[in-house]
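Below is one structure, written out as structure tokens; the observations come after it.
Taken together, the values in this text are just the output of simple stated rules run on the coordinates, not laboratory data. Note that the coordinates shown come from a computational prediction; the quantities given were computed from them, not determined experimentally. Every residue, glycine among them, receives a Cβ derived from its backbone with ideal geometry; neighbour counts consider all protein chains shown.
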Amino acid sequence: MNVVLGFVLIVLLGYAGSRLTLFQQRFSLGVRYLFTAGTEFLLVGLILGPRAANLLTDAALHDLSPVLSLGLGWIGLLVGVQFDRRILKQIALRIWTLAFVVSLTSFALLALFVYFFLPLCFRWSGDLGLMGIAELENDSAARLGAACLLGWAGSVSTYSAMALIQRDSPLRGKASKLLQLLTDLRAPLAVLGMGAWYALFHASTEAMTLARMHNEIDTRASVTTLVDPVMSGTGWLLVSVLLGVSLGWLLHYLTSERLSGNEMLLLVAGSVIFSGGLSSYLQLSPLFVNLVMGLMIANLPNFALGRITKSLLTAEKPFFVIFMILVGALWPPITPAVLMMAAAYVIARAAALIAGTWLGRAGWPHGEKPAPWLGLAMLPSGGLSIALAVDYHLIRPGYLANFLLGTIILSVLINQLIGPFLMERVLRASGAKTPEEKKRAGGDGRPAPQGAPA
Amino acid sequence: MITRISSLFVIIACACIVRAYPYGELSGVQGVTAFSLGLVILGGYLLGELISLLTLPRITGYLLAGMLAGPCLGGMLSQATVKNLTLIDQIALSLIALSAGGELRLDTLRKQWKGIVSITLSQTIGVFVLGTAAFALTSAFFPFMRDDPWTTRIAAGLVFGAISVAQSPATTIALISETRSKGVCTDITLGTAVLKDVMVIILFTITLSVDHLLELEGASISMQPFISLGGELLFSILTGLATGWGIAFFLSRVNSDPVLFLLAFSYLISVGSHSIHLDPVLICVVAGIWVTNTTEQGEKLLSIIGKGSLVIYVIFFCVAGAALDLNALQTMSVLAVLLTLIRMALLALTTGAGVAIAKPPIRSPWTYWMGFLPQAGVSLGLVMVLRREAFWWGDKMATLLVACIALNQIFGPILMKIAFQQSGETRAASNNRTAPDEAKSSA
């Protein structure tokens, strides 16, 4: 019965989706973006998941969990393969600097904010969950992890809102190109930063994390005696890098022969899921390891690089959609603490991005300085932020991970609602114009010939 | 070849080193299952490629990889992990069944209907009757049945006879796809495999009812199992028709993200059919037949599944290999070999009879029977049903049957490939990849 209901629900969702597409011009830019950026599948997942239709049961989510690894690995590899040194060399140093400064400043400000606000958020909301406030205040590693995650997740953004804006009014200008470069360049920093944190503060060296995994919060002493650190944090970081390098080399080696499309897809999917699984098993970040793998593939001489990227892009949408649906099904309940944190986080993130841009433009020549409000155009966030949250959820499961996943999903949705509008405004303020506007502005004042479009 | 051997070595080394990490299991099911799935995909593919150099079918390599990594041998995949991979395996099976149905063109089958019907009937009746008799006669030498009355031996023999009829449509379609076979032999084998898939379920239900009469005191013939079986088959076919219509409608009208749609469809069939007691393989086969024969979307459907077919086959056969109960084979090896040889002989005999009646234009009638040996999911499913029954000999018999199925699953594809090669319907370059052409065109 449940299945039949679920099927009817899917049909209705499909129908609603098609109607929405037909009438989408009537909705605001933000609402349209929310329903076209891929995050709509989070809502589909929520509806299909155990908390609503239960078509995706807990057992099914358990069995489909490798797909989460696959999704994370796919995102990591896609980010990595874009970093071909031959292409990167062509980017001006000041753009690199701006990207680094925006990324690091926004991360630092957000992380600081979260580190201090997190206990307050729990205290004010009265939402103690499984974790007592005293416990959280004393557990600096957990707070640091949460701060790092929200910091790095807030430092990245997505450029896909631009496509929607361009569809309405094709804005052209330096700012839109700069925005795309800044988005691309900041993505690996967040993945590498978070990956390094998982390695340096490895779960096996932290008794509390292991205790939390087993819901044995009160038995810290006994768990500590159970856990002998396997190696130091630096050792784990080295293992992460080595894993990425060796598996990247393996994929490069395997794809250096001529292969059919079917074989290429198998090798890429198999490598991604293998490396994702290995890193999850070692409690390291699948995103990080696959990013390193992607960097290796992009920078080793490989005639199949184009075909690997093509394979990745061809299968990207199905995997991404399934990933989002599963994340939607895993979406934890929205508690007062999540609501409070998400609201504060959205505001803090906007401020941090503006501050980062403001600082980063300092080195630019006077006439070419980007607009001070460019940070606001970086508000739309999406897949990568959610992937970072899922990464944390898989490596450090527990109450805090649920809280952080809920916060990030909610903030992504809010940013998707307001982001495109602000992005359009900022681009216009930076002088971006549609070809028609350029034509009009550059015209000689004579009236347009009859029949010309207005 | 060196690339593949060294890569396989690196993967296994990686897996072994990482498995030594003492707290890996704490990462939860996600890490272990994903790691195992990746190992299965890469290891299975590489072993399949290496095996193909020996002119053996690639799926034998996939099965072997699963067996080597599985709980009975290598232990890299635990019993729990194999169980966790079941859903992904079922999704793969649904896609294989959909593609099997899609390959069945009614106009071609109409030309070969005589061959399909005569071989199906002669195999079903012949293997069932003679298999039952052979088991009843030989079981006098089986340690666990030596002192039993004839009724018990016949009851167990009926089960053996019914399960011996079963053939794996999944292996058949995978091998046809691998060898790119085309022709009379291929059409009849595929048609027979699909038809026997339905026949064997009916036969097994009848068998269990007769067994109840023979073995359980106070049992009487009840129509209930037949009514529910009839309902199950009818609703499976109707669901298959409806879903076939739905797929064709989607592909012709919507056609947005068809890969995603087919994955969602397979998931729904895999999960849904079990909860409402329908046969997922039958639903998918019927849906595929509908799409290919009543709409113009058949080619599109096959092409979409074809793009990911290698991943599907590798996952399906590796998991099947890992799930093989090799311990059962070890404990019952002599009896299993004996019964497998009996099944082979009966299949050879009855296939010969079917060919003699219908006289299809087959080039190699003497080796054609080898195409009907592989067994997999359906047979194992029937064994599970037997285990749930109250026969005292049920468990021992089930272990013996699992051992026989394991042998058929290991050697079946090899012999099937020989049958296809002998029929002259495989592509000459079946062992060479088409990649050079594809690579050239993409370059």
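When A:Tyr392, A:Tyr115 are arranged by Cβ crowding within 10 Å, least crowded first, meaning fewest neighbours, the order is A:Tyr115, A:Tyr392.
Cross-link check: pairs A:Lys177/B:Lys307; A:Lys369/A:Lys439; B:Lys196/B:Lys300 evaluated at a Cα-Cα cut-off of 32 Å; pairs beyond the cut-off: A:Lys177/B:Lys307.
Pull out a ≥ b ≥ c, the square roots of the eigenvalues of the alpha-carbon gyration tensor of segment B:33-88, then state rounded if a/c is under 1.5, prolate if not and a/b is larger than b/c, and oblate in the remaining case. In terms of gyration-tensor shape, prolate.
Computed as a quarter of the hull surface, the mean projected area of the alpha carbon convex hull for segment B:124-194 stands at 5.9 nm². Using every pair of separate Cα atoms, the Kirkwood estimate puts the hydrodynamic radius of segment A:239-309 at 11.9 angstrom.
Working from Cα pairs under 8 Å separated by at least six residues, relative contact order for chain B is 26 percent. For the peptides A:48-56, B:358-366, B:294-302, B:397-405, the ranking by packing is B:397-405, A:48-56, B:294-302, B:358-366, with the highest mean count of neighbouring Cβ atoms within 10 Å listed first. Take every pair of alpha-carbon atoms less than 8 Å apart whose residues are at least six positions apart; their mean separation over the length of segment B:2-84 yields a relative contact order of 26 percent.
Under the simplified labelling scheme, the A:Ala429-A:Glu257 pair shows an inter-label distance of 5.8 nm, with each label point 7 Å from Cα along Cα→Cβ. Take the Cβ atoms of A:Ser140 and B:Ser333, set R0 to 41 Å, and the FRET efficiency comes out at 0.10.
About the centre of its Cα atoms, chain B shows a dipole size close to 980 debye [charges on the beta carbon of Lys, Arg (+1) and Asp, Glu (-1) only; nearest 20 debye]. Treating r as the C-beta distance of B:Ser256 and A:Leu181 and R0 as 30 Å, the FRET efficiency rounds to 0.45. Think of it as helices only: each DSSP H run of n ≥ 4 in chain B is worth -39500 (n - 2.57), and spread over all residues that comes to -25500 deg cm²/dmol at 222 nm.
Label positions at B:Leu241 and B:Phe144, each projected 7 Å from the Cα along the C-beta direction, are separated by 4.3 nm. What the Cβ-Cβ distance of A:Leu200 and B:Arg387 gives, at R0 = 41 Å and to the nearest 0.05, is a FRET efficiency of 0.20. Peptide A:58-68 is shielded by partner chain Cβ atoms: per residue, an average of 5 of them sit within 10 Å of its Cβ.
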